[in-house]
Structure formats: structure tokens, C-alpha cells
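Let me begin by presenting the structure, written as C-alpha cells, before commenting on it.
The values are calculated or read from the model by the stated rules, or taken from the named source; none is laboratory data. All values derive from a computational prediction rather than experimental measurement. Cβ atoms come from the backbone with ideal geometry, glycine included; neighbour counts cover every protein chain shown.
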Amino acid sequence: MNKSVVFAALSLVGLAIALPASADNDPKKVAIKARQGEMSLRVFNAGPLFAMAKGDMPYDAQLAEKLAGNLKALLSLDNSRAWMPGTSTDEYANDTKALPKIWEADSKIGEAGKKYKEAVASLAEVAGKGPDAMKEKANDLGKACKGCHDDYRKKEKN
Ligand code: HEC
């Protein structure tokens, strides 16, 4: 390869890297991605717990304890910056499902968050201690996720 071909190839690589990065220069989009990333980690860890509770997967004490512990560890992060105002479906219809009412003065999302935190804590206490105790708390956890989604996340289809 001569030099100019190598240079052209390198600049194409540079472009490929630079383009997505520049789309991420909007700090609000970065915040939206961060909270969606956190939600992905929630479902990644909660998914098998829900499956065990439903009987779709055999109960595994060690795994259940680990996953519930992960959910708890995720809550030890202060990700409040990921919920910055001006990042709802009103401003970013194509990027987010977070409804504007999250940021309204009378928003109860803090309560939904508190319920979630309590559900995770109760589950983490019993997750490794047998299928029955785990199942009940995993179902409560599912209700805590759903409760918040019903009120504050845009439905897939309206
Ligand atoms: C206090 C409110 C709240 C709780 C509790 C909550 N979520 Fe969410 N979740 C949201 C909101 C709001 C969105 C939309 C975020 C966005 O699109 O910017 C969301 C989005 C998601 C998404 C989609 C992420 C994406 O990539 O777009 C998944 C998956 C998810 N949540 C899973 C869960 C699971 C599993 C739980 C419980 C273990 C949970 N959530 C608990 C509010 C909550």
C-alpha cells in the first residue's frame, strides 16, 4: 500500500470513530444513555430472579444472592445527574421514554424510587435463603419496577 492509501484508510477509521462520539457531545443525551444503561443493568440482574420466581428457571441460591446483591450495589451509586431536567420525551422524543411528569413539582417518582430501594433491600436479605422467601420478594420487586414504569415511562404503543 502506498502512503496516500494508508492515509485515506486511516482517516476513514477516524471518521467512523468521530461521528458517534460527536452525537454524544450533548450532555443531555449522555445522561439519557446513562440512565437507560442503569436500567439495562437492572433487568440484566433482575431477569433471572424473575425467571426463578416464575419457575421458568431452577432456583439457584448462590446466583440469586449474587444478583440481588448486584441490584443493591447499583443503588449505592448516586446517578441523580442522569435524571437532569430537560431530558424528557418533550425534548428528546426519539431518545427517551422518560415522561415529563417525572420533573413536575408534584412528582411522586421519589416515592417510587424509595419503594424500589426497599424492595431490593428485602430481596437481598432472603434471596439466598430458599425459593419460597425469594419468590415472594422477587414478585414485590417486579411490582416496584412496574409501578414506576406504569406512571413515568412512555408505553411502547399509545
Ligand atoms: C423509580 C422509577 C423506576 C424504577 C423503580 C424502575 N425503572 Fe426502569 N425505567 C424507568 C424510566 C423512567 C425509564 C425510561 C428511561 C428513558 O428512556 O430515558 C425506564 C426504562 C427501563 C428500561 C429500558 C431501558 C432502555 O434501554 O431504554 C428497562 C429495561 C427497565 N427500565 C428495567 C427496569 C427494571 C427491571 C426495574 C426493576 C428491577 C426498573 N426498571 C425499575 C423508571 C424506573
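Here are some notes:
- Residue in the stretch 62-84 that is within 12 Å of the ligand (Cβ to nearest atom), aromatic (Phe, Trp, Tyr), touching a residue at least 12 places away in the same chain (Cβ under 8 Å) and touching a helix residue (DSSP H, G or I) at 6+ places or on another chain (Cβ under 8 Å) present: yes
- Residues being of a type in the set (Ser, Thr, Tyr) and within 14 Å of the ligand (Cβ to nearest atom) - total across the stretch 25-61: 1
- Test: residue 8 is at pLDDT below 95, touching a Lys or Arg at 6+ places or on another chain (Cβ under 9 Å) and of a type in the set (Gly, Ala, Ser): no
- The test for being touching a helix residue (DSSP H, G or I) at 6+ places or on another chain (Cβ under 6 Å), within 13 Å of the ligand (Cβ to nearest atom) and in contact (Cβ under 8 Å) with a residue 24 or more places away in the chain holds for residue 96.
- As a summary of the residue check, residue 144 satisfies the conditions (1) crowded, with 18+ Cβ neighbours inside 10 Å; (2) touching a residue at least 40 places away in the same chain (Cβ under 8 Å); (3) outside any loop (DSSP other than H, G, I, E, B) except for the one numbered (2).
- Residue 154 passes every criterion in (1) within 7 Å of the ligand (Cβ to nearest atom); (2) in contact with a Lys or Arg (Cβ under 7 Å, 6 or more places away or on another chain); (3) not hydrophobic (A, V, I, L, M, F, W, C) apart from (1).
- Verdict on residue 117 being within 30 Å of residue 63 (Cα to Cα), more than 10 Å from the ligand (Cβ to nearest atom) and touching a residue at least 24 places away in the same chain (Cβ under 8 Å): no
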